[in-house]
Amino acid sequence: MLLFRSYLFLVVGLLVVATVLDFGFGYLQSSHKDADDYWLAATFELIERELAAVSIDQRDQAATELGLDIGFDITLLQTDDVFSNAAAAEQIPTLIDADGNISHLREAPSIDSIIRLGPVAEPQESLLLRMLPPVFYLSIFVLVGLWLRPLLRDIDVISRGAQRFAADYREPLATADSTTELTGLARNLDDMSARLSGLIQSQKELIAALSHEMRTPLARIRFALAVIGNKSDGDLQEPLDEVDRDVQEIDELIGTMLNYARLDHPDLRMNWQEVPIDAWLGRTLEKSRQTDKDISIITDDKVKTAWMDAHLMTLALSNLLVNACHYSSRRVLCRVTQSDAGYSIDVEDDGKGIPESERESIFKAFTRIDNSRNRKTGGYGLGLAIVARIAHLHGGSVAATRSDELGGARFTVRWRPPPDSEV
């Protein structure tokens, strides 16, 4: 496709240039024609002056002899014998007979006649000469195509390799052996993608290993805290509870990081299901409900089921509800709708809302409006990044706006069912 678009651009560009040049050549030819008319007028003046020098009865004979000298037939016509409808500006009108021969006429007042020069056979342009311009332009297109083809082919090879690498970081580019003109560039890109692939895989393996390895000592710490709490008096219970909450927070962070890492794994496959909405919302709400917040659920009457990966969308909605409950004052609203464009889930709260300048950046990993990391202000900025990734996996999107009904933030997740589903 890239080869075709580039070649089409060059061909159209050359065609435009050729058209401009044709107009330029036409203009130059018109100027050359004016010069030809000047020499033709001078020839007529010479003929008129020669014929005016002889007597009237000898002019026809003199015109014949003069025509033999210059190589053209010269005939004298009476003024009444010629009717002309040529434009007034045309001083030397032309006549073309049935055979295509051309005669030039000019009135000669000094001899009270009209001089006819010709007929002259119209020069026939050869077929080869007429074919030269298109053959010339065609040769340019062919030569440019031959010159660009290996370059554009190499670019296409590198582009397809980059697309595969973007889809799966475990497959670095291997394009150097498939290129001819851009081998150096391809080799550099291959090396760079191999290093990036290694770094990404090492980072993910490190995160996964640390997350799993940290859970074992955390479990031991929680067990030790429980044992100490049972054997100690009440004075130690409060600090032990604080330590236990810290351990719980670390465990939740590890779980969130593992969820985020799994969502970015190339082997992740969507498990599309037609899920009953009411039952799904009820289960998700029970996991995310906070006793001090009022969560309202609104669904359209026509929304009975929805196509989704139930596990992933449950994770997304849970994160949205937890986020809304955390920042709301009292009320949280969850609305599920369906239209021709697909499904939509809105989660709104009555909190302070999100500044407009932050409404796109909050979906990036480890990004929070409040940069502090204490328990009162929130988590570590992964919840909304997980929501954005799940929406992308469903072929949809997520956006943050202002809630018209509650005045706080509104998060909207939109997605379409898979092409092979029946909605």
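Observations
- Computed over the stretch 273-415, the quotient of the alpha carbon radius of gyration and 2.2 N^0.38 Å is 0.99.
- Per principal axis, descending, Cα span of the stretch 124-215 in whole Å: 95, 20, 12
- Here the stretch 273-415 is assigned +1 on the Cβ of each Lys and Arg and -1 on the Cβ of each Asp and Glu. Its dipole about the Cα centre then comes out at about 580 debye.
- Length-normalised contact order for the stretch 273-415 - Cα pairs under 8 Å, 6+ apart - percent: 24
- Charge dipole of the stretch 273-415 about the Cα centre (unit charges at C-beta), most positive-ward option of Trp307, Phe411, Val322: Val322
No value in this document is a laboratory result; all are computed from the given coordinates. Just so you know, these numbers come straight off a predicted model, no measurement behind them. Because the Cβ atoms are built from the backbone with ideal geometry, glycine has one as well, and the counts that use them run over all protein chains shown.
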